[in-house]
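Data first, discussion second: the structure below is written as structure tokens.
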2 protein chains.
Amino acid sequence: MNTAPIGIFDSGIGGLTVARAVFERLPHESTIYFGDTARVPYGPKSPETVRRYSLEILHWLLGRDVKAVVIACNTSTAHALMALREASPVPVIGVIGPGARAAATATRSGRIGVIGTAGTIASGAYGRAIRALRADAIVEERACPLFVPLVEEGWFDHPAAELIACDYLEPLRAGGVDTLVLGCTHYPLLKPLLQRVMGPEVRLIDSAEETSRTLADALGERALEAPADAVPTHHFAVSDDEARFRAVGSRFIGERLSAAEVVPLG
Amino acid sequence: MNTAPIGIFDSGIGGLTVARAVFERLPHESTIYFGDTARVPYGPKSPETVRRYSLEILHWLLGRDVKAVVIACNTSTAHALMALREASPVPVIGVIGPGARAAATATRSGRIGVIGTAGTIASGAYGRAIRALRADAIVEERACPLFVPLVEEGWFDHPAAELIACDYLEPLRAGGVDTLVLGCTHYPLLKPLLQRVMGPEVRLIDSAEETSRTLADALGERALEAPADAVPTHHFAVSDDEARFRAVGSRFIGERLSAAEVVPLG
């Protein structure tokens with residue numbers, strides 16, 4: 001039993017979908033969320049830069065005595081998971097492994113689509129993770145750079161969002177994938193649209209949900225869970241522009257996002 | 001006469017539309033362009049952070065012996081122009097004043113629209129600059145956050161771009177503006193689309209062109225021009241991800257963008 005908080009971080013706001021999934025699956029756990037809003041987005045940055053930023057955030061979270069760290073950011077997971085695991089005395093969980101495992105299990109045809117930011121797709125991390133679990137999988141990866149700004153604009157059902165989704169997803173539909181990994185923490189908010197465009201027979205894999213499941217397992221294996229009578233606290237911190245974080249973030253997480261601490265990193 | 005280069009900087013790639021306008025208007029002038037691709041975008045960052053980053057870049061450019069500095073970034077102009085003018089021994093030109101002047105001159109009805117990123121519009125800088133020149137002007141400002149990713153995706157004529165532009169511009173059309181300021185350095189690439197949506201009678205003000213005109217005047221007044229037989233050089237530097245800068249930047253500037261130096265700031 002351990003009432004220390006779980007650290008969760010992202011380059012910005014998107015990781016709140018992971019935080020929300022953690023709140024729902026682990027309602028007794030306290031959390032500290034860090035959004036690196038001063039340096040968002042990580043996608044176009046070099047792997048070295050993403051690693052350096054991620055290590056800074058890890059050390060900030062460790063200074064807050066977290067008992068586990070969730071990298072709620074696909075780009076950071078792709079470039080920095082190994083470095084953070086080496087540097088961290090507490091378990092570090094990324095978003096790519098859980099999504100890849102769920103996809104490798106869910107697919108029947110072995111044809112899996114992965115969508116994400118340009119940085120995540122260019123890293124090829126999902127393809128490698130899926131093929132390591134299922135060598136015969138055919139993985140079609142597609143960068144969808146307009147999805148993040150569409151989500152941040154709140155245009156989940158705008159006719160333009162539908163056109164953009166049809167354009168991005170056409171090669172995956174044509175390739176006959178039966179499973180689609182949402183490889184960006186913003187994308188769960190587009191689920192109804194993506195399901196409509198892909199058709200009802202395609203299984204969508206939500207990395208946020210899968211990651212919260214992996215976190216629950218990791219805490220259980222190490223006896224790190226909070227007791228069932230623990231009253232959780234949820235703390236939020238950002239590196240810049242707290243007002244915008246709260247305004248846009250409330251769309252991701254609902255009413256829990258009432259205030260955020262500003263921590264100038266970098 | 002002075003063959004020193006002109007420094008031009010932006011948070012990233014967009015300022016290349018300004019660089020291109022400078023190349024075209026001042027074909028004998030050498031330039032050094034700095035794109036802060038490690039810290040792009042500036043729009044969501046706080047005014048203090050944008051000022052700090054802009055001052056760092058100013059000092060880097062001054063170290064390269066520039067004879068003038070163009071802030072080819074609306075957010076940086078809005079938040080840092082005064083600070084840079086105080087700190088700089090050479091003339092500093094922003095993109096907002098030239099666009100505002102051109103709009104105040106061009107309008108017949110006095111109703112002027114301004115479009116830009118969320119940061120530029122929230123700053124209110126264009127409205128203030130226009131009303132300082134023409135107190136009776138009615139300025140309608142509108143943030144268009146999806147335009148930058150649309151331009152970077154190269155989707156100038158995608159049906160989704162048309163739907164998005166219609167949505168963003170509807171209040172400006174309804175407000176009867178006769179002049180529209182493109183208050184973001186990415187937007188000149190959307191000119192045909194924006195003209196189509198606004199209608200042929202609305203005058204579009206391209207801040208990049210207007211800024212190059214103001215720069216030419218400033219060099220002339222101070223006798224800082226390069227001689228007519230000078231052979232110009234154009235140097236590019238970025239703070240991260242040189243490959244993406246060249247790939248996307250070539251859409252902005254054509255074949256001149258063959259290589260960029262990487263300068264790690266921040």
For the stretch B:205-227, how many residues are under 25 Å from B:ALA125 (Cα atoms) and touching a Lys or Arg at 6+ places or on another chain (Cβ under 6 Å)? 2
Looking at the stretch A:103-116 only, could you name the residues that are assigned to a loop (DSSP other than H, G, I, E, B) and either closer than 18 Å to A:ALA165 by Cβ or open to solvent by 60 Å² or more (accessible area, probe 1.4 Å) (or both)? A:ARG108, A:SER109
When the residues of the stretch B:44-61 are filtered to those that are touching a residue at least 40 places away in the same chain (Cβ under 8 Å) and open to solvent by 20 Å² or more (accessible area, probe 1.4 Å), which remaining residue is farthest from A:PHE245 (Cα to Cα)? B:TRP60
Within the stretch A:224-245, how many residues are open to solvent by 60 Å² or more (accessible area, probe 1.4 Å) and away from chain B (no Cβ under 13 Å)? 6
Which listed residue is under 17 Å from the mean Cα position of the chain (by Cα), in a helix (DSSP H, G or I), modelled with pLDDT of 95 or more and under 30 Å from A:VAL148 (Cβ atoms), from B:GLY127, B:GLY97, B:GLY119: B:GLY127
Any idea which residue in the stretch A:132-148 is farthest from the other protein chains (Cβ to nearest Cβ), counting only those that are in a helix (DSSP H, G or I) and surrounded by 17 or more Cβ atoms within 10 Å (Cβ to Cβ)? A:PHE147
From the options B:THR75, B:THR31, B:THR3, B:THR49, residue that is closer than 22 Å to B:SER123 by Cβ, of a type in the set (Val, Ile, Thr) and either more than 13 Å from every other protein chain (Cβ to nearest Cβ) or touching a strand residue (DSSP E or B) at 6+ places or on another chain (Cβ under 9 Å) (or both): B:THR75
Given the conditions (1) aliphatic (A, V, I, L, M); (2) more than 14 Å from every other protein chain (Cβ to nearest Cβ); (3) crowded, with 20+ Cβ neighbours inside 10 Å, which single one is not true for B:VAL151? (2)
Within the stretch A:68-94, how many residues turn out to be open to solvent by 10 Å² or more (accessible area, probe 1.4 Å), outside any helix (DSSP H, G or I) and touching a Pro at 6+ places or on another chain (Cβ under 8 Å)? 0
Do the conditions hold for B:ARG246, that is, is it touching a helix residue (DSSP H, G or I) at 6+ places or on another chain (Cβ under 7 Å) and charged (D, E, K, R)? no
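The values are calculated or read from the model by the stated rules, or taken from the named source; none is laboratory data. Here the structure is a predicted model, which is why all the values come from computation and not from measurement. As a convention, Cβ positions derive from the backbone with ideal geometry for all residues, glycine included, and neighbour counts pool all protein chains shown. Note: areas computed on protein heavy atoms with side chains; ligands, DNA, RNA excluded. Shrake-Rupley method; radii C 1.70, N 1.55, O 1.52, S 1.80 Å.
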